[in-house]
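Quick notes on the structure that follows.
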Amino acid sequence: MIEIETAGIFTDGITDTVSYDDGTGGVDVSAVVAFDENNGGADMATILVKKSEVANPDYRDSFTIDGVVWRIVGGKNKGFVLGQDENTWLLQIRARQRSRQWRT
């Protein structure tokens, strides 16, 4: 698991407001998002959120970031938790945008 140092990160003005949905409806939460530009074209990212706002993240819960839906990935049994401390979760997320080409 990754060790993270989060002191002051949510008060330094570097967070974004994103929508979190655990299946019961979306709520706005503060987050720090790091997009993975070197993942072979896959839309992967890591997201740091407060445990007070996202108490029990689960596989396939979603975050909406700039109108795009990103889902928690990485497997069941909390395999998607990349790191945590007493106040925050560091989670792996993936956008599910697939283009389909229809043949005529």
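In region 60-77, the qualifying residues are those that are surrounded by 15 or more Cβ atoms within 10 Å (Cβ to Cβ) and not β-branched (V, I, T), and the one that is farthest from V18 (Cα to Cα) is G74. Every test in (1) part of a loop (DSSP other than H, G, I, E, B); (2) at pLDDT 90 or above; (3) surrounded by 13 or more Cβ atoms within 10 Å (Cβ to Cβ) is passed by I4 save one, and that test is (2). When the strands (runs of 3 or more DSSP E) confined to region 26-104 are screened for residues that are closer than 14 Å to T15 by Cβ and at pLDDT below 90, those reaching at least 1 such residues are found at 26-36.
The values are calculated or read from the model by the stated rules, or taken from the named source; none is laboratory data. Note that the coordinates shown come from a computational prediction; the quantities given were computed from them, not determined experimentally. Please note: Cβ atoms are built from the backbone with ideal geometry, for glycine as well, and neighbour counts cover all protein chains shown.
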